[in-house]
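Okay, structure first, notes after.
The values are calculated or read from the model by the stated rules, or taken from the named source; none is laboratory data. As the structure is a prediction and not an experimental result, all values here were calculated from the model. Reconstructed Cβ throughout: ideal geometry from the backbone, glycine too, with neighbour counts over all protein chains shown. Note: areas computed on protein heavy atoms with side chains; ligands, DNA, RNA excluded. Shrake-Rupley method; radii C 1.70, N 1.55, O 1.52, S 1.80 Å.
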Amino acid sequence: MDTLLLSRIQFGANISFHILFPTITIALGWVLLWFKLRYNATGDFKWMEAYRFWVKVFALSFALGVVSGITMSFQFGTNWPGFMETVGNVAGPLLAYEVLTAFFLEAGFLGIMLFGFSRVPGWLHTFATFLVAFGTTLSAFWILVLNSWMHTPAGFELRDGVVHATDWLEIIFNPSMPYRLLHMLLASGLTVAFLIAGISALRLLFGDRSRSVAATLRFGAVMGAVLIPVQILVGDMHGINTLEHQPAKVAAMEGHWEQYPEGEGVPLVLFALPNAETRDNDYEVKIPHLGSLVLTHSWDGTIPALDEFVAEDGTVTHPPVAPVFYSFRIMVATGMAMLLLSWTAVALMARRRGPEGARWSVEALPRWVLYAFVAMALSGWVAVLAGWYTTEIGRQPWLVHGVLTTAQAVAEVPAPMVLSTLIAYLAVYAVLTGAYVAVLIYLAWAATHGKPLPTRGGTADPVERAVETAARPAARPGATTPAE
Amino acid sequence: MAEILADPALWLPLTFAGLMGLSILIYVVLDGFDLGVGLLFPFADEAEKDRMVASIGPFWDANETWLVMAVGLLLVAFPVAHGAILTALYLPVAVMLVGLILRGVAFEFRVKAPLRYKRGWDFAFFLGSALTSLSQGFMLGMYIMGLDATSATLAFSAVTAVFLTVGYSFIGAAWLIGKTEGALQDKAVEWARGGIWGLLLGIGAISVASPLVSPRIFERWFSWPEILWLSPLPILSAALLLALWGALRRLPSADDRGAWVPFSCGTGLFVLAFFGMAYSFYPYVVPEQLTIFEAASAPESLMIILVGAIVVMPMIAAYTVLAYVVFRGKATDLRYD
């Protein structure tokens, strides 16, 4: 394999691993603020229990997000020097503003948010939670501005092959930015909704009957049910925006190789195996006219076909079709599963009553719904990765659309060197992803069984340690969680 | 001076080189003590390890952000240099990144994973700190040697790798003297006493090697009258080392007086060493190849960043101080409640 492909795989692996964690922290920060505000308003301790459990998940996710993010700021230089050399005058200030306004804000108040509850006044702790949530969102804003600019560059001119900024408002509010930002923020919200619902359902199945778990399960299910239709709407708008600015990407997403006869419109290809050799789809299952309806909001509107992006001399300027086509379908299918599950759960909770006749009781949920929530706990990750693969592979062969190709930006580092670091990164990422998921499950288990986790100061009590290292006690169904 | 101020293509690169240097210096001192604490892990028992982590827990993330700031400034202000330096240091950068990842996640995993894995994450914490320190020291050596990979420069870099690691351990121990009490503080004093020799040898080796490698640096230091107004640098360093020596002999003291003297002196030494290096390399950002003026981004882009930096920097300073005030005093167990 050559340096270009290895460098792409390496950056793809890094950024895929990285995005898992900001996706959680962006929305989880706001959710924690909500829990804290509910506690401040009602004085009900279940909200503080919810805060304490989820702030641990936040801390862990945040640490993973930080360290994997640092990796990328260095890889711009080690593997993609052409990127900053060409578009540094635009990318530089955007990245600098992310560090200056967002990173320091998050990092500065994270300590108070995590460990300051009994050290600072209540309002300052709430305020610190707000600032951390605000910081993560601000960070998402700047990075999505830059990413959107790479898809739909605006507000610049080329002088001697180097990009110079001419209008910062046009750069920041470039054509795809509002859609992409909203789409990603909602994706983060959905990821967190299903994570919270999934882990809470897991605790319920472990036998946790605490009120805090019931509250978070209900919260997650409702949050998912509310956000998913909004996300479908925003996703549709984002797609139409992409059709306007990057039609080749949409053609690849739809598997639309060649134009249909006049009046036939564009079908919606439900499933197919795109074949780059024959430039056609194998085993195609399609619904006539539906593609036109979704993309052009008209019965027989047309969109550019992939064949229109092949030059006379055979040069292909559209992205590879199969990965874009498949990942788009995985994203949509995951979204549909989210819609189905969250609406089913909400409908069940709204119609049935719990054992004591309480409305909106999670006791009204049958076991299979709980299992489904557990299975879907990380569905947000699947959808987010699939969505990003769609848009980023869909941008190829460009790195910055119409300005710089990916091949032009790569560093001439020997391929074996890239391969060796790639293997090291992959090994680390595989272990850490596994450890992260295992620890999520362990945290749920430990909270259910009232196990005091070691604090950072450690459980100094030697008896407790002995118990901990000895055989685990059998699960006690119906055990409640004492306040930590 | 006046003509520099009149031309943004001159004073903007200078300003950004200054900001980048400041970020590197703050990073080296602040994350230096975090990394040092990790390096000292194998010498501590389990309860001490928890207390050591507690002493840096609320700060490490913000400290590490200065590295992002430094490399970010290199990236945005001197993009050509960013590419040249980082491709030349490809492997040590990768090692450092793996180290930073291990160190950062071990903080969290060691207290959230089941207890039987804690030892493993403690080792990851040490290993991550060691990989990070060694690779940073190695990169420092390569940078001094002009990013030129020969067996002699690699050997020199291996030496600086060890010395920077010792330097970090020293400042880590000095931090622990201030943040802990009792038996752990006694141990920290011992560690700091051991580290002082490494500090002396390290600063000495770099001071001797840099002018020998580069005739230009030799010229800058050993010509008249430069040598006269540079003389406070070595004299102050010697004074700080003596003060350190004295403080470490007296510590631990009954009323904890002077517990922050080693950390202050250590920071002073890092600052002096840094200014010495900055003086040696100015105006080059890639040694002997590329000056800050040649490598700088377009003035209009730098201007945009500078405006932001001027507005935001005081705020960053304010909440950094707030965090250190909230978590002042001797380290106690960190709890979420």
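GNM remark for chain B: springs join alpha carbons under 10 Å apart, and the peak mean-square fluctuation among B:F218, B:F163, B:F274 falls on B:F218. Treating r as the C-beta distance of B:A239 and B:A155 and R0 as 30 Å, the FRET efficiency rounds to 0.40.
The apolar share of the surface of the protein assembly as shown, taken as the fraction of accessible area on carbon and sulfur atoms (1.4 Å probe, ligands and nucleic acids excluded), comes to 69 percent.
At a probe radius of 1.4 angstrom, the accessible area of chain A per residue rounds to 39 square angstrom.
Here the calculated FRET efficiency for A:A375 and B:D148, from their Cβ-Cβ distance with R0 = 56 Å, stands at 0.50, rounded to the nearest 0.05.
Do any GluC sites (Glu not before Pro) in the stretch A:220-271 lie in a loop, going by DSSP, with at most 15 other beta-carbon atoms within 10 Å of their beta carbon, and if so which? Don't jump to the answer; show the numbers that get you there.
Values: sites: A:E244, A:E254, A:E258, A:E262, A:E264; in loops: A:E258, A:E262, A:E264.
Counting only loop positions with at most 15 other Cβ atoms within 10 Å, the GluC sites (Glu not before Pro) in the stretch A:220-271 are A:E258, A:E262, A:E264.
Counting only protein heavy atoms and a 1.4 Å probe, chain B has 39 square angstrom of accessible area per residue. What the Cα atoms of the stretch B:82-235 give is an Rg and a Dmax of 18.9, 64 Å. Extending 7 Å from Cα along the Cβ direction at A:N40 and again at A:W368 yields two label points whose distance is 4.4 nm. Calculated on the alpha-carbon coordinates, the convex hull of chain A measures out at 182 cubic angstrom per residue.
Note on B:311-317: average number of Cβ atoms from other chains within 10 Å of each residue's Cβ is 4.
Histogrammed with a bin width of 20 Å, the alpha carbon distances of the stretch B:10-326 distribute as 31, 59, 10, 0 percent, first bin at zero. Note on the stretch A:78-227: Rg/Rh from C-alpha atoms, Kirkwood Rh, equals 1.11.
What number do you get for the stretch A:257-302 when its Cα radius of gyration is normalised by 2.2 N^0.38 Å, N = residues?
That works out to 1.16 for the stretch A:257-302.
The residues of the stretch A:404-437 occluded by other protein chains by 20 Å² or more of accessible area, set against the chain on its own, are A:V413, A:M417, A:T421, A:Y425, A:V428, A:L432, A:A435; surface from heavy atoms, 1.4 Å probe. Rounded to 0.05, the FRET efficiency of the A:E277 and B:E294 pair, given R0 = 45 Å and the Cβ-Cβ distance, is 0.40. Only Cα sites of the stretch A:312-353 enter the Debye sum here, all with the same form factor; the resulting log10 I(q)/I(0) across q = 0.27 1/Å is -0.88, listed in q order. Checking the Cα-Cα distances for A:K56/A:K249; A:K36/B:K187; B:K118/B:K330; A:K46/B:K179; A:K46/B:K187 against a 32 Å cut-off, the pairs over it are A:K56/A:K249; A:K36/B:K187; A:K46/B:K179; A:K46/B:K187. The distance between label points at B:D256 and A:S420 comes to 4.8 nm (points 7 Å beyond Cα on the Cα→Cβ vector).
Between the residues A:H256, A:V316, A:V269, the greatest Cα displacement towards the positive end of the dipole of the stretch A:250-333, with unit charges on the Cβ of Lys, Arg, Asp and Glu, is found for A:V269. For the pair A and B, how large is the buried accessible area, both sides, in square angstrom to the nearest 100, if the probe is 1.4 Å? For A against B, buried area totals roughly 6800 Å². Based on DSSP H segments of at least four residues, each scored -39500 (n - 2.57), chain A has a per-residue ellipticity at 222 nm of -23000 deg cm²/dmol. Over the stretch B:124-180, the pair-distance histogram of Cα-Cα distances with 5 Å bins from zero comes to 5, 22, 22, 20, 14, 9, 5, 2, 1 percent, rounded to whole numbers.
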